[in-house]
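**Q** Here it is, the structure in full.
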Amino acid sequence: MVENLTDNEQNSLFTLHSSPRYASALVNIKALGVKTFSYLIPDEMRDKIQIGQALLVPFGRQGLINAFCVGFSDYLPGDFKVKKINKILDETPLFSIDYLKLLEWVANYYCCDLVTVLNAAIPMKLIEKASKTEQLVEFVRFDGATKRQIRVLELLEKSGKMPLILFEKYAKTTRATIKKLEQAGCVKLIQEELYRNPLDILNITEREPLFELSGDQKKVYEGIKNKISGKDEILLHGVTASGKTEVYFKLIDDTIKAGKNVLFLAPEIALASQLTKRLAKKFGTKDVAIWHSSISDGERYDVWQKLYKDEIKILAGARSAVFAPLKNIGLIIIDEEHESAYKQTTPAPRYDARVVARKLAQFHNCPLLLGSATPDISTYYRALNSGNLFELKKRYNDAKVPPVTVINMQEHGRAAFRNIISIPLQTEIKETLSKGQQVILLINRRGFSTFTQCQACGHVIQCPNCAIPMIWHSKDRMLKCHYCNHTEYFPDVCPECGSDAFKNSGTGTQKIEQYVKELFPENNVERIDSDILVRKGEHIRLLEKFQRGDIDILVGTQMIAKGLDNPNVTLVGVISADASFNLPDFRASERGFQLLTQVAGRAGRGEFAGKVFFQTYNPDFYALESAKSQNYREFYDTEIAAREEFDYPPFSQIIRLVLSSENNFRAEKSAREIALRLCTMIEKFGISERLEVLGPTPCVIERINSQYRFQILIKNKLDEKGHKFISSFLNKITLPKDIKMVIDVDPLDIL
């Protein structure tokens, strides 16, 4: 074996030689992590070995271990003694050369090595999981059976081939009787591979027909259908509850009838599960599969096998599904495409499923259809300028978009309950509940209070590891850091002045939950935020409870702003509509607008009219005014002008480098050296107008997990050429052991 070939050698691995000498194997070693090693291919395997096969290879003292074949070579660097592959475990490959080429592109685009991408894309458990088989009994003949055995055979002939264990119970017979019938040639016992289908729990027995499209939906559907022959990127911009999903389903039906397969992505596991249930009802569980991190290893193995064998027509899932080996793709759909959940923030590769899907669509020469009520600014810009924008401007069946009332807390704050819940909002909640209807209240901060301050000296209790205040969680009676998860008890006295005059300030979901319960003690109030996700399935359980009407008021973070389609919700209140706008980030206004528009869309989705209330201290802010009028184009026109003026996306690509160390001076020194070297090289090639380097500067959150952080922002206006230039530069960087560097291409934020 030979460890870790160079980048050029790895890139050459994908060329399949007629009789290759060496295979590159991907292995998972506990002490080393996932790495590639080279092995000699025995003569008897040279005509059989293929990319994607599971292998058995020798590895040091661990003896024989499982591996994936990921490439070939006729030479090795240097003079190495190479061990032989022991065995091909499965002649059926789990992925193809084309699949590896996509992963190679991901590695290059996100400035990381191929092994890191392979590790993220291919679950290593696949080579450890054998397929599960089941013993079945099948009827052959009656000849040779006794009278008592004929009754058993009649039941088997009637039922058809059955699992042996189930048939024994069904026929009230024994294993000994079945063995005698087998010996007499009356039955046959066979082993068949069992498909572990994660959709079995849905228990879907009948298919539902596709809905008849409305006039507006039909017009959009026809327009998209005319564009769907090539690899165009298409945007379906539809207001909330406009019926985008029904348009998707009609296009899916067309794609399947044309003999092609569909990849359908949703931003989160809970939404992907809801989507898959709807797809299974429309198209059947046999042709539909789901892929996300919460399905079991056995289910993952079986779904992967069926995908590679082209036995799945529709694959639905969260962002990782973009790496599943779905074949013969004719359409890729990304719903709620504006959602940040499509971007992996840690660990590497920090990929964006939307970007990977765009490349995947090019590989398959198929269209990419993106849908949202509040599209990403860059997505809308591309669609608008390519003529691939389609819009649904009205709700399905002409249902009314709920009117938004803006409550100026400068005027209403003093009279508000605990200075937080205004009287107009209280009145509207009371009226809504009196009608037996439901309420959603959004506050996009979890915890009880956002900071704890000494009233005597002004000292704020900060996390010892991170440069941010600790958050008070009343339920656990603990102060918590939301970045490093450090916890501590509430202090008896101030560490600075010895006073006990502490005050919890700021507002989170726990505080709103408590205050709402005080205001409406007769009603059932529940909270949804990431703190409740420690209990598996709790999020889904609460949403189902809310859907049944067992919850009157649902308090939550942005988690409740998406995917909720409850016709009995007629009131949405946003406690602090300013919260998302106040961050020092170029996407802050966009995120705030998207959140307010999306949560407003949860109201009035049924037969009852809805109302929305925004509480704010800045009622004239442009993004809030656009969200109030639900006017995306108005917001876009203002935002795109600002982006163009400052060369932010879509007018450049942002690459963010974060240098960190436990030593503040060394982190800053390393960041300055890299920025200087990069600027020098850019000037040398005369491309400083197209590649702009900003910084280094301390990150907005200067310290996380005891690491001091400095960032360098690169604005790339050279597209692929600029990207390759930066990647080439970064590949030559060697850092001291105490310095860490994170490379984030197309970062979600610059905090």
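**Q** Check whether at least one residue in the range 482-489 is buried (at least 22 other Cβ atoms within 10 Å of the Cβ), in a strand (DSSP E or B) and of a type outside the set (D, E, K, R), and report yes or no.
**A** No, that holds for no residue.
**Q** Tell me, which residue of the range 232-245 that is within 13 Å of Val220 (Cα to Cα) and hydroxyl-bearing (Ser, Thr, Tyr) is nearest to the chain's Cα centre (by Cα)?
**A** Only one residue fits best here, namely Thr245.
**Q** Here's a follow-up. Out of curiosity, is Ile295 out of contact with any strand residue (DSSP E or B) (no Cβ under 6 Å at 6 or more places or on another chain) and assigned to a loop (DSSP other than H, G, I, E, B)?
**A** Yes; evaluated as a whole, the condition is true for this residue.
**Q** A further question on this structure: When the range 274-292 is examined, which residues are found to be part of a helix (DSSP H, G or I), within 18 Å of Ile329 (Cα to Cα) and without any contact (Cβ under 8 Å) to a residue 40 or more places away in the chain?
**A** Selection gives Leu279 alone.
**Q** Being over 30 Å from Ala145 (Cβ atoms) and modelled with pLDDT of 90 or more: is that true of Gly223 here?
**A** yes
**Q** So Ser499 passes all but one of these: (1) more than 22 Å from Glu428 (Cβ to Cβ); (2) open to solvent by less than 40 Å² (accessible area, probe 1.4 Å); (3) without any contact (Cβ under 8 Å) to a residue 40 or more places away in the chain; (4) over 27 Å from the mean Cα position of the chain (by Cα). Which condition number does it fail?
**A** Tallying (1) more than 22 Å from Glu428 (Cβ to Cβ); (2) open to solvent by less than 40 Å² (accessible area, probe 1.4 Å); (3) without any contact (Cβ under 8 Å) to a residue 40 or more places away in the chain; (4) over 27 Å from the mean Cα position of the chain (by Cα), Ser499 fails exactly one: (3).
**Q** Within the range 304-355, restricting attention to residues that are farther than 12 Å from Ala289 by Cβ and of a type in the set (Gly, Ala, Ser), which residue is surrounded by the fewest Cβ atoms within 10 Å (Cβ to Cβ)?
**A** Ser340
**Q** So, one more: Looking at the range 44-63, which of the residues that are over 20 Å from Tyr301 (Cβ atoms) and free of Cβ contacts under 8 Å to residues at least 40 places away in the same chain is surrounded by the fewest Cβ atoms within 10 Å (Cβ to Cβ)?
**A** Filtering first and then ranking leaves Arg61.
**Q** Then there is this: In the set Leu213, Leu236, which member is in a loop (DSSP other than H, G, I, E, B), surrounded by 12 or more Cβ atoms within 10 Å (Cβ to Cβ) and at pLDDT 90 or above?
**A** Answer to the selection: Leu213.
**Q** Of the conditions (1) closer than 25 Å to Asn485 by Cα; (2) out of contact with any strand residue (DSSP E or B) (no Cβ under 8 Å at 6 or more places or on another chain); (3) not polar (S, T, N, Q), Arg587 satisfies every one except a single condition; which number is it?
**A** Among (1) closer than 25 Å to Asn485 by Cα; (2) out of contact with any strand residue (DSSP E or B) (no Cβ under 8 Å at 6 or more places or on another chain); (3) not polar (S, T, N, Q), the lone unmet condition for Arg587 is (1).
**Q** Which pairs do you get when a residue that is assigned to a helix (DSSP H, G or I), found in the range 545-558, comes within reach of a residue that is of a type in the set (Asp, Glu), reach meaning Cβ atoms under 8 angstrom, with the pair 6+ apart or on two chains?
**A** Close Cβ pairs (under 8 Å, with a partner that is of a type in the set (Asp, Glu)) amount to Lys545/Glu526; Phe546/Glu526.
**Q** For the range 675-689, check the following and say yes or no: at least one residue is of a type outside the set (A, V, I, L, M, F, W, C) and within 16 Å of Val742 (Cα to Cα).
**A** For the range 675-689, residues of a type outside the set (A, V, I, L, M, F, W, C) and within 16 Å of Val742 (Cα to Cα): absent.
For every residue, the table says whether it meets (1) in contact with a Lys or Arg (Cβ under 7 Å, 6 or more places away or on another chain); (2) under 18 Å from Val516 (Cβ atoms); (3) assigned to a loop (DSSP other than H, G, I, E, B); (4) of a type in the set (A, V, I, L, M, F, W, C).
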residue	(1), (2), (3), (4)
Ile560	no, yes, no, yes
Asp585	no, no, yes, no
Leu596	no, no, no, yes
Phe608	no, no, yes, yes
Gln615	no, yes, no, no
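**Q** Let me ask you something else. Quick one: is Glu625 open to solvent by 80 Å² or more (accessible area, probe 1.4 Å), closer than 26 Å to Thr570 by Cα and in a helix (DSSP H, G or I)? Working first, answer last.
**A** Numbers: open to solvent by 80 Å² or more (accessible area, probe 1.4 Å): yes; closer than 26 Å to Thr570 by Cα: yes; in a helix (DSSP H, G or I): yes.
Answer is yes for this residue.
**Q** For the range 520-542, which residues satisfy the criterion of being buried (at least 17 other Cβ atoms within 10 Å of the Cβ) and assigned to a helix (DSSP H, G or I)?
**A** Asp531, Ile532, His539, Leu542
**Q** Also, quick follow-up: So, in the range 327-343, of the ones that are modelled with pLDDT of 95 or more and closer than 23 Å to Met124 by Cα, which residue ends up nearest to the chain's Cα centre (by Cα)?
**A** Tyr342
**Q** Being under 28 Å from Gly458 (Cα atoms) and of a type in the set (S, T, N, Q): is that true of Asn524 here?
**A** Taking the combined requirement at face value, the residue does not satisfy it.
**Q** OK, next. Mind checking which pairs have a first residue in the range 173-186 that is closer than 13 Å to Glu138 by Cα and a second that is basic (Lys, Arg) and assigned to a helix (DSSP H, G or I), Cβ under 9 Å, 6 or more apart or different chains?
**A** From residues that are closer than 13 Å to Glu138 by Cα, the pairs are Cys186/Lys180.
**Q** So which residues in the range 246-273 are closer than 25 Å to Lys218 by Cβ, under 22 Å from the mean Cα position of the chain (by Cα) and assigned to a helix (DSSP H, G or I)?
**A** Tyr248, Phe249, Ile252
**Q** Can you spot a residue in the range 156-170 that is within 30 Å of Ile252 (Cα to Cα), modelled with pLDDT under 90 and open to solvent by less than 60 Å² (accessible area, probe 1.4 Å)?
**A** no
**Q** Can you list the strands (runs of 3 or more DSSP E) lying wholly within the range 24-100 that have 1 or more residues being within 22 Å of Asp113 (Cα to Cα) and of a type outside the set (Ser, Thr, Tyr)?
**A** Ranges flagged: 33-40, 54-58, 64-73.
The values are calculated or read from the model by the stated rules, or taken from the named source; none is laboratory data. Since this is a predicted model, take the numbers as computed values, not measurements. Here Cβ is always computed from backbone atoms with ideal geometry, including for glycine, and neighbour counts include all displayed protein chains. Ligands, DNA and RNA are excluded from the accessible area calculation, which covers all protein heavy atoms including side chains. Shrake-Rupley method; radii C 1.70, N 1.55, O 1.52, S 1.80 Å.
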